[in-house]
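Step one of this worksheet: look at the structure below.
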Amino acid sequence: MAEPATDFTLDTAQVLAEEEHGASIVGRSPWYLAWRRLRRNYIAFIALFVFVVIAVACSLAPIYAHHIAHTAPNATHTEDIVNGKQVLSAPVIGTDAQGNVVVEKAGGVLGPTWWHAHGRFVLGADGLGRDVAVRLLYGGLNSLKIGIGSALICVMVAVLLALLAGFYGGWVDWIITRSFDLIWAFPVLLLAIALGSALSINGFHHFGISISPHSLWIPTLVISYVYVPYVGRPLRGQILSLREKEFIEAAIGQGASPLRIMFSDLLPNVASTALVFFTLIIANNILTEAGLSFLGAGVQPPNPSWGTVIQEGQERIISAPWLTLAPGIAIVLTVLSLNIFGDGLRDALDPRAKVRVEH
Amino acid sequence: MTAFIIRRFLGMIAVLFAVSILVFLIFIIVPGGDPASRIAGKHPTPQNVVNIKKKWGFDKPFYVQYYEMMRKVGTGLLPGNHSQYDVLRSFDDQTNVVHEIKKGMPATFSLTIGAGLIWLFWGVMVGVLSAITAGRWADRMITTVALVGISMPVFWLGIITRYFLAEKPSHPWFPDGGYVPLTASPWEWYKHLILPWFVLAVLFIGFYGRVLRSNILDTINEDYVRTARAKGLTPRRVLAKHVLRNSLIPVVTLFGLDFAAVLGGGAILTETVFELHGVGFYAAERVGALDLPPIMGVTLYGAFFIVLFSAIIDVLYAFLDPRIRPA
């Protein structure tokens, strides 16, 4: 190989590369490099696919569920009759109506019909004669709304507080870290239950904000509130160390405003961490929501969510175990796929990062 | 050192004070409405409500109410019988909240200590095994199982294990829920707790295993580990004496805080599912009735354990690691 014409320096690298390989160096952003690493991780993509399928199935439920199952999530069909081929709606007239009543007088409920009743009661009925499959879809919609919504609020608030604390330091930092410590001092679930049950009495009517006790905003806000320090603390630590770097000193020297330093210098540097936190905390929040609703401090009945469906099914576990198994499997699939994708995302964005969500 | 310990425990009291104020705000200010009309029942007479307001002190300013509440928590902790209206009471059946919490403590402590030992042991096992086999199929299998473990709602796992192991089989392996005091029958105590112990531990095992695995893999690349290998130590000795000592530090911190949270009633879901009449069960039972004082009492009780344990952890670290000790 011929000796290169010039010495290798940063300025001549481009020319040298072209001479040697006939190709120019393409500028690659960290996001592109991360995407290249993620692209090779098939397992993460399968997980993302599973999550998207579940999310789409649940979020489109209000559009298609009625046409298939011919019922609403809270509609009761205690007296309907299933005779193997179809479901006859009550009141059933005539004597040829033979088959199984959806909810028997003795308390037994209809098992999964799979597809024999043409889409009705695919996963059976619960104690009030409601279609479990439909409740599962609508419940999933509520669970995902709460999980994603609270993760979004939680990460946004945490990033904002971490930016303020890390950039300004001093008393601003003191107040923010102390209030993190304060929330940290509670068992997470107990604090969430305390807030959830206190708010579900009369809703929230302070500071000009009015939320009704049955609103999904209550579990969403409660869950996002209790997890803020778990995301905010590590982010603040990162920002504190970034704050000492030369590029921030340079920005201050150039006379950049605090807002500009926070949002266009510091924020992009913690964006990948925040993104990974966002994915993992959705999974975590779905689990928390299920626990809260199971105890009655989350989504209020008759509104469905995966947690309330498990709670309703639990009483009949001996005679109708599918009422409990089906929503649980839905939660495990969703949370597992998010956790796998979150792990993949973390490995791709920063192979050495230590982002963890504590339960 | 003494000064550090004193300062740390003074800080603990300050945090507990802030915690009690936050709890007071959550329960007295946030719900809005009139607690007296809730206590009075469905069809109260106005005079009735006024009487209840007076008797429970809801007509006083909020700082007096706060002081009264804390005084009641304090007197409730004293031994002996309490007159009916000098303690923190349930809105629902007017039972003594502190008394009820004390009654739940044996079950909660039994659950926590057993489960804590299980999850610490297996968490370390999972972490070490997956780290030393990193990248091989054993590691993949262990990390996948750990991931499934942390993706399961603990109450759902409890319900289905109880169903498949205690309710469905004609010869059940385990008794079906409930708690038997250790003093009544140690064997029954053990049989009733073994299932809850493992169900509660699953989440923590998966979580600690993952944390420890990544810590060990980080530590293994440190210079001092290479030095230890270079001087000819066996891999086992390097792992036990050099790698694990440092990698276990975050796990010990986590263990202290999680243990405190569960001790403080944080295992509310496991206790509910297995009908262990512990502190968490008591709180869960009252959520349905929206009976605030018991939930308030349990929340305070739980926060107390977390604050206490985090102070203890800090002091322990200062003993163990001179770098952390403040000048």
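Listing for the model above:
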| read-out | value |
| --- | --- |
| Residue within the range B:279-297 that is surrounded by fewer than 24 Cβ atoms within 10 Å (Cβ to Cβ), more than 12 Å from every other protein chain (Cβ to nearest Cβ) and modelled with pLDDT of 80 or more present | no |
| Cross-chain or 6+ apart pairs with Cβ under 6 Å, the range B:252-267 first and within 11 Å of chain A (Cβ to nearest Cβ), then in a loop (DSSP other than H, G, I, E, B) | B:261/A:187; B:264/A:187; B:266/A:187 |
| Members of the range B:241-260 that are at pLDDT 85 or above and small (Gly, Ala, Ser) | B:256, B:260 |
| Search result, residues across the range B:11-28 that are closer than 14 Å to residue B:310 by Cβ and more than 20 Å from the chain's Cα centre (by Cα) | B:11, B:14 |
| Residue within the range B:302-315 that is more than 20 Å from the chain's Cα centre (by Cα), at pLDDT below 85, more than 10 Å from every other protein chain (Cβ to nearest Cβ) and part of a helix (DSSP H, G or I) present | yes |
| Residue in the range A:288-300 that is away from chain B (no Cβ under 14 Å) and surrounded by 14 or more Cβ atoms within 10 Å (Cβ to Cβ) present | no |
| From A:280, A:266, residue being in a helix (DSSP H, G or I) and either of a type in the set (Lys, Arg) or in contact with a Phe, Trp or Tyr (Cβ under 7 Å, 6 or more places away or on another chain) (or both) | A:266 |
| Residue in the range B:113-121 that is more than 16 Å from residue B:254 (Cα to Cα) and not small (Gly, Ala, Ser) present | no |
| Any hit, the range B:219-231, residues being assigned to a helix (DSSP H, G or I) and within 24 Å of residue B:160 (Cβ to Cβ) | no |
| Out of B:198, B:204, sole residue that is within 14 Å of another protein chain (Cβ to nearest Cβ) and under 20 Å from residue A:332 (Cα atoms) | B:204 |
| The range A:315-327 - residue that is modelled with pLDDT under 80 and within 8 Å of another protein chain (Cβ to nearest Cβ) and, of those, surrounded by the fewest Cβ atoms within 10 Å (Cβ to Cβ) | A:318 |
| Residue satisfying all of: in the range A:258-275; within 12 Å of residue A:167 (Cα to Cα) and loosely packed, with under 15 Cβ neighbours inside 10 Å; nearest to the chain's Cα centre (by Cα) among these | A:263 |
| Selection from the range B:112-148 of residues that are touching an Asp or Glu at 6+ places or on another chain (Cβ under 9 Å) and not in a helix (DSSP H, G or I) | B:133 |
| Positions within the range A:146-181 being hydrophobic (A, V, I, L, M, F, W, C), within 30 Å of residue A:308 (Cβ to Cβ) and touching a residue at least 24 places away in the same chain (Cβ under 8 Å), in sequence order | A:146, A:148, A:151, A:152, A:153, A:154, A:155, A:157, A:158 |
| Check on residue A:221, hydrophobic (A, V, I, L, M, F, W, C) and under 30 Å from residue B:26 (Cα atoms) | yes |
| Test set (1) surrounded by fewer than 19 Cβ atoms within 10 Å (Cβ to Cβ); (2) away from chain A (no Cβ under 12 Å) - residue B:209 fails condition number | (1) |
| Meets criteria (more than 12 Å from chain B (Cβ to nearest Cβ) and surrounded by fewer than 15 Cβ atoms within 10 Å (Cβ to Cβ)) for residue A:232 | no |
| From B:130, B:110, B:151, B:185, residue being of a type in the set (Gly, Ala, Ser) and modelled with pLDDT under 85 | B:185 |
| Answer residue from the range B:163-191, given it is part of a helix (DSSP H, G or I), free of Cβ contacts under 8 Å to residues at least 24 places away in the same chain and more than 14 Å from every other protein chain (Cβ to nearest Cβ) and is nearest to the chain's Cα centre (by Cα) among those | B:190 |
| Among (1) more than 23 Å from the chain's Cα centre (by Cα); (2) in a helix (DSSP H, G or I); (3) of a type in the set (S, T, N, Q), the one test that residue A:319 misses | (2) |
| Which numbered condition residue A:278 misses (of (1) surrounded by fewer than 24 Cβ atoms within 10 Å (Cβ to Cβ); (2) of a type outside the set (Gly, Ala, Ser); (3) within 10 Å of chain B (Cβ to nearest Cβ); (4) under 20 Å from the mean Cα position of the chain (by Cα)) | (3) |
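The values are calculated or read from the model by the stated rules, or taken from the named source; none is laboratory data. In this text the structure is predicted, and so the values were computed from the model without any measurement. In this analysis, Cβ positions are derived from the backbone assuming ideal geometry, glycine residues included, and neighbour counts consider all displayed protein chains.
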